[in-house]
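*Asks:* Structure below; questions to follow.
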Amino acid sequence: MTRAPDLNLVPFVSVDHMMKLVLTIGTERFLTELAGYIEEDFKRWESFDKTARVAAHSLDGVIELMPTSDGTLYGFKYVNGHPKNIKDGRQTVTAFGVLADVATGYPVLMTEMTILTALRTAAMSAVAAKYLAPKGSETMAIIGNGAQSEFQAMAFKAILGIKKLRLYDIDPVATEKCARNLAGAGFEIVKCTSAQDAVEGAQIITTVTADKQYATILTDNMVGTGVHINAVGGDCPGKTELHKDILTRSDIFVEYPPQTRIEGEIQQLPADYPVIELWEVMLGHTQGRRDPQQITLFDSVGFAIEDFSALRYVRDRLKATGLYVDLDLLADPDEPRDLFGMLLRHQAAMV
C-alpha cells in the first residue's frame, strides 16, 4: 500500500492569512469571483445534501453548525451570533470552517470564517440582487452600519455597479465609521438622519442590523413600488427587521425554505405562505423581477451551501499564494491499526 505523504497535515488559513489573501486578490475581485462560485453551486442545488443549521439558542445568543455536501466534498461552518458582544468589545459574529474529502473523510482545509462569512454574505446578497433588483440600479440604502455594511457596499459596487450609498444607523458613530472606511472606494455617500431619509431615492434597500429582537426597521409606508429589499439582519427566531405588511406586498425569495421559515422575515407569516427559492430563478424555472413596479424581497438568512462555495473558493486560491500553514491536526500512524503504538513511540522519543 502506498501512502500519501504528510496525511496528518491540513492547510490552515489564519485571520492574518485571510486578510492577506483578500488584499492580494483585491476585495472587489475576491467578491466577484466568490459570487461566481456561489452562483455555480446554486445552479447545481439539487446535488447537495441540505439541512437547516443545527442551532443552540440561549438568552445571550446562538451557536450554530452549518453542514452540507455535494457527494465529493463535505463542508461545515461553526458560527455564533451574540449581539451583546459589541458592548464588551467583541465581534457579534465569529466563525471557522472545514472542507473535507468525502471519499476518505480527511479534512483538506480549515480556515477562519469571521471575515470570510462577511464576504460570502455580501457576495450572496449581490448575486440575489443580480436577478431581483431593478435594472440599472445605482443607489442603495444601507440601514445598519456595523461590521457587515462595508462588505455589502463593496459587493454591490463590484457586481451591480452601485455608485451611491445612503447610510443610516441608530448609532451615528457606526455611520461615521462606515463612511470613513468607504471614502476612497468610489462611492457618493450620504449620511442620513433616519431610516426614512435613507430610503429616499434608493432602488435597493439593505437592512443589516444586529439587535436580537422583533424590530421594525422598515415600515410599510417607507417602501415604494419597484424597489428591491435585501433583508440581511433577520437571521434567527425572534429577530426580524421588516413590518409584516411589507412582506405581503412583496414577492419573497429565499435560500432554503425550511430554515428561512424559522429564522427569516417570513417567520411572521403562516407556515404555508408562498415563497420562491432563489436557485429556481437562477436556473430559469421561475421569474425573478417581472416588471418595474414589483417589490422584490430577498429574505437572507445565510445557508450552508454559500459557506461551501466560500470554502471551495479559498481552497482553489491557496496554492498560488501560499497564504496558509500546515496544521498537524490528524493522528495518522504508519500502520493505521496501531494508534496506541504511535503513542508509545512518541513516549520513547520524549525520553
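*Asks:* At a 10 angstrom cut-off on C-beta neighbours, averaged per residue, how do the peptides 325-333, 77-85, 146-154 rank from highest to lowest?
*Replies:* Ranking, from highest mean packing down: 146-154, 77-85, 325-333.
*Asks:* From the alpha carbon gyration tensor of the stretch 241-291, can you work out the equivalent ellipsoid semi-axes (sqrt of 5 times each eigenvalue) and give them in Å, largest to smallest?
*Replies:* So the three semi-axes of the stretch 241-291 are 19, 14, 8 Å.
*Asks:* While we're here: Tell me the angle of helix 149-160 to the major Cα principal axis of the chain, expressed in degrees between 0 and 90 and rounded to the nearest ten.
*Replies:* Result, in degrees: 80.
*Asks:* Which of the peptides 251-263, 274-286 is most tightly packed, and how do the rest follow, judged by the mean count of other Cβ atoms within 10 Å per residue?
*Replies:* 251-263, 274-286
*Asks:* Starting at the first residue of the stretch 230-241, write each ³J(HN,Hα) from the Karplus equation 6.51 cos²θ - 1.76 cosθ + 1.60 with θ = phi - 60°, in whole Hz, x for Gly and Pro.
*Replies:* Couplings: 9, 8, 9, x, x, 9, 7, x, x, 10, 9, 10 Hz.
*Asks:* Once you treat every alpha carbon in the stretch 125-302 as an equal point and sum by Debye, what is log10 I(q)/I(0) at q = 0.13 Å⁻¹?
*Replies:* Taking Cα atoms of the stretch 125-302 as identical point scatterers yields -0.58.
*Asks:* Treat each spin label as a single point 7 Å out from the Cα along the C-beta direction, and report the Ser47 to Ala215 distance in nm.
*Replies:* Taking the two extended label points, one gets 3.9 nm.
*Asks:* Which value, in debye to the nearest 20, gives the size of the charge dipole of the chain about its Cα centre, when Lys and Arg are +1 and Asp and Glu are -1 at the Cβ?
*Replies:* 600
*Asks:* Okay, next question. Could you tell me how far the Cα centroid of the stretch 32-95 sits from the Cα centroid of the stretch 187-226, in Å?
*Replies:* The stretch 187-226 and the stretch 32-95 have Cα centres separated by 25 Å.
*Asks:* Using helices alone, I'd like the mean residue ellipticity at 222 nm for the chain: each DSSP H run of four-plus residues gives -39500 (n - 2.57), total over residue count, nearest 500.
*Replies:* -10500 deg cm²/dmol
*Asks:* Something else about it: Run a plain Debye calculation on the chain (Cα atoms as equal point scatterers, no solvent) and give log10 I(q)/I(0) at q = 0.09, 0.14, 0.15 Å⁻¹, rounded to two decimals, same order as the q list.
*Replies:* Each listed q corresponds, in turn, to -0.50, -1.14, -1.30.
*Asks:* Among the DSSP beta bridges whose two residues both lie in the chain, what percent are antiparallel, rounded to the nearest 5?
*Replies:* Bridges in the chain are about 50 percent antiparallel.
Each reported figure results from applying straightforward, stated rules to the coordinates on display, with no laboratory input. Since the model is a prediction, treat every value here as computed from it, not as a measurement. Don't worry about glycine lacking a Cβ; one is built from the backbone with ideal geometry, like all the others, and counts go over all protein chains shown.
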